[in-house]
Amino acid sequence: MAARSLFTIGLLLAAPAAILGQAPARTPDIHYTPTRHAIADAMLQLAGVTAQDVVYDLGSGDGRIPIIAAQKYGARGVGIEIDPRLVTQSWGNANDAEVANRVMFKIGDLFEADLSEATVVTIYLSPSIMKRLMPKLRALKPGTRIVSHQFPMPGWPPDDRRQVDEAEILLWRVPK
């Protein structure tokens, strides 16, 4: 029952914008392309996600990464998404997956989002966006893990990388 209540609260916060057909506050920097479930799960595995983690997904789309983090690993998940319609869809997906009590989806700009609670950050963003986001990511608390689907961060070599089918996933740890 608590999950349904949290889902309802989430819909009350996210749905009005979507119901009115509100477009994102600004044009998104990148076109939404969902990460396949197998790749999303491999990203969480590479980061070593546990129930003690708070996983932030920047440009969270339909919410699949925070949902998998909560469902499979017991972590808390937070999705930051600029498109209100996708945030509404994310809440529906979280409710369907019965993890709405472990996730939160926010309509927001990933460049302005507060990431201070994150222990893991997941991203599937173009190299130009990664370059703009890199100072914010490097400023996270030491030990925070950052996992990217496909794209490296210019000038910051990854600590680990894995090939999953046709995709590469890369891991960084914020240094001390």
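Okay, here's what the table says:
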quantity: Nonlocal amide H pairs with D160, under 5 Å, H built at 1.01 Å; calculated: L171
quantity: Cα centre as origin, Lys/Arg/Asp/Glu Cβ charges: the stretch 67-176 dipole, Debye; calculated: 480 debye
quantity: Counting DSSP beta bridges with both ends in the stretch 75-147, the antiparallel % (nearest 5); calculated: 0 percent
quantity: Solvent-accessible area per residue for the stretch 26-100 (1.4 angstrom probe, square angstrom); calculated: 38 Å²
quantity: Charge dipole (the stretch 20-176, unit charges on Cβ, about Cα centre) - positive-most of Y124, L170, V103; calculated: L170
quantity: All-pairs Cα distance distribution in the stretch 33-176, expressed in whole percent, bin size 10 Å; calculated: 13, 47, 35, 5, 0
quantity: Accessible area (Å², per residue) of the stretch 120-176, counting only protein heavy atoms and a probe of 1.4 Å; calculated: 50 Å²
quantity: The stretch 96-137, accessible surface, carbon-and-sulfur percent (1.4 angstrom probe); calculated: 49 percent
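The values are calculated or read from the model by the stated rules, or taken from the named source; none is laboratory data. Note that the coordinates shown come from a computational prediction; the quantities given were computed from them, not determined experimentally. In this analysis, Cβ positions are derived from the backbone assuming ideal geometry, glycine residues included, and neighbour counts consider all displayed protein chains. All accessible areas refer to the heavy atoms of the entire protein, side chains included, with ligands and DNA or RNA removed. Shrake-Rupley method; radii C 1.70, N 1.55, O 1.52, S 1.80 Å.
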